[in-house]
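A short worksheet on the structure shown next.
The values are calculated or read from the model by the stated rules, or taken from the named source; none is laboratory data. Since this is a predicted model, take the numbers as computed values, not measurements. Cβ atoms come from the backbone with ideal geometry, glycine included; neighbour counts cover every protein chain shown. Calculation scope for accessible area: heavy atoms of the full protein, side chains included, ligands and nucleic acids excluded. Shrake-Rupley method; radii C 1.70, N 1.55, O 1.52, S 1.80 Å.
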Amino acid sequence: MTEVTKEQVLETLKTVRGPDLEHSIVELGMVSDVFISDGKVYFSITVPAERAKELEPMRLAAERVIKEMPGVKGALVALTADKKAAANAPAARPAPQADHSHHGHSHAPQQPPPHTAKIGVPGIGAIIAVASGKGGVGKSTTAVNLALGLLANGLRVGILDADIYGPSMPRLLKISGRPTQIDGRIINPMENYGLKVMSMGFLVDEETAMIWRGPMVQSALLQMLREVAWGELDVLVVDMPPGTGDAQLTMAQQVPLAGAVIVSTPQDLALIDARKGLNMFRKVEVPVLGIVENMSYFVAPDTGTRYDIFGHGGARKEAERIGVPFLGEVPLTMNIRETSDAGTPLVASDPNGIVAGIYRAIAARVWEQVGQKPQRAAPAIVFE
């Protein structure tokens, strides 16, 4: 079977008319970069923010014609609203109903319409984000062991790997292969150690370079969240990418997060970055459930001598300073590194060990905080 090319995709999309009914969405410059991997086609269509709902049939038409192409196994097409592009696009002009629906206040409505509220995921009781201000602090290892700790404490748990550019859950949980689909659209999550798991790492080859811009990252994240057959879960843990970019804002602004767990190491430089992540969640009114100090100390296995390699207690002091719970200290141990590399996380492979007990205690504190935090409505953004 011959591989589909970007040129063929764009040529096919020339059959899909834009909102002016005279030109195609390609001619109007509404189609983003096209990304193709393993027979699946990904792209977005830029439309004026206020017309996103009205133009949903156009998105469906584009998705349908691409799925009908020989050699295409599936398609992910999203409507995105880029204010700059939308202001200049011909798509913004012709709309028989537009004058009645948004006349005089299309640029910055004071009160967002009801459909901009955060939409939950059916079957999932609470969604928790695990985040850090920078990479290299052990966030993903913490996320997977936190999820397993919640599972060990009697909850039904899933984990979503939200790092599009550097997914780590396939390796951390020793899962390979491709997920199956229901009716060509809904994805069955992968599973190991009792956790339901979804990651971009299951959809593209490990060595594939992801060069998506913000809209496609947003599209992929929301598909992995909302178009996955999670079933009934008490909690979904989201392993966020490091930093405060598109993926973090998408999750914080589009998803009804029960709260965020911030992971940091003790030293000042890591804490400076952790504060950025914490402040981002506060600005979008996502409760901070607490801070975990990872790599908190090292105990030499031969002598039992303790070393504070990265300092000690910085995250606890930061938590006290800003008034959020301190969730616990995770030591730096060879076992954590070895089991993570082997895809056998400590809470699963050594459930009665000291470190597994620390993770279970952190999980219990996180779940206690979830019970105390009210769900919040969403700040409005233009991505739909």
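Which percent of the accessible heavy-atom area of region 137-201 goes to carbon and sulfur, probe 1.4 angstrom?
Exposed carbon and sulfur together represent 50 percent of the surface.
With no solvent and one equal point scatterer per Cα, compute the Debye intensity ratio I(q)/I(0) for region 20-72 at 0.32 Å⁻¹ and report its log10, rounded to two decimals.
Per q value, in the given order, log10 I(q)/I(0) is -1.39.
What FRET efficiency do you get for residue 364 and residue 317 if R0 is 25 Å and r is their Cβ-Cβ distance, rounded to the nearest 0.05?
Values: r = 23 Å, r/R0 = 0.91.
Using R0 = 25 Å, I get an efficiency of 0.65.
At a 1.4 Å probe radius, carbon and sulfur cover how many percent of the accessible area of region 249-351?
Ligands and nucleic acids excluded, carbon and sulfur reach 53 percent.
What's the ranking of 228-237, 51-60 by average number of surrounding C-beta atoms within 10 Å, highest first?
Ranking the peptides 228-237, 51-60 by packing returns 228-237, 51-60.
Roughly how big is region 264-341's charge dipole about its Cα centre, with Cβ charges of +1 (Lys, Arg) and -1 (Asp, Glu), in debye to the nearest 20?
360 debye
Simple spin-label model, 7 Å along Cα-to-Cβ: residue 341 to residue 37 in nm?
A separation of 2.5 nm, rounded to one decimal place.
Hey, if we sort 33, 183 by accessible area with the 1.4 Å probe, largest down, what's the order?
Values: 33 95, 183 150 Å².
In descending accessible area the options line up as 183, 33.
With each pseudo-label sitting 7 Å past Cα toward Cβ, what's the residue 11-residue 309 distance in nm, one decimal?
5.6 nm
I want to check the label-to-label distance for residue 67 and residue 227. Put each point 7 Å from Cα in the C-beta direction and report it in nm to one decimal.
According to this spin-label approximation, the distance is 0.8 nm.
Which whole-number value in Å³ per residue fits the convex hull of the alpha carbons of region 268-351?
So the per-residue hull volume is 126 Å³.
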